[in-house]
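What follows is a set of notes on a single structure, which appears directly below.
Just so it is clear, none of the values below were taken in a lab; they were calculated from the coordinates. If you're wondering where the values come from, they're calculated on a predicted model, not measured in any experiment.
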Amino acid sequence: MRRALALLALASPLVLCGCESVFEEVYDERYEDECEELRNPDAYRACLNDLEDHQRQRRIEDRTSKRGEAQRPGGAQ
């Protein structure tokens, strides 16, 4: 369900207007809140690990897209 919402949000006008980072912060905060509601310590750790994995993947994608822009003709170098 969370992933479906994230995909929907990525296709939303938020991305088009350059507000993607604002959405990501809100998403991360809500995800972390959901993790904190878990009573099982193992489930809590797994939830936080999943959040960290999403954040790490986002940073990798950001770096990759910035490198791609810099390598295009006329791109910033």
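Note: the range 19-59, Cα convex hull, 39 Å³ per residue. Extension gain for residue 40 to residue 21 (0.36 nm times residue separation, less C-alpha to C-alpha distance): 3.8 nm.
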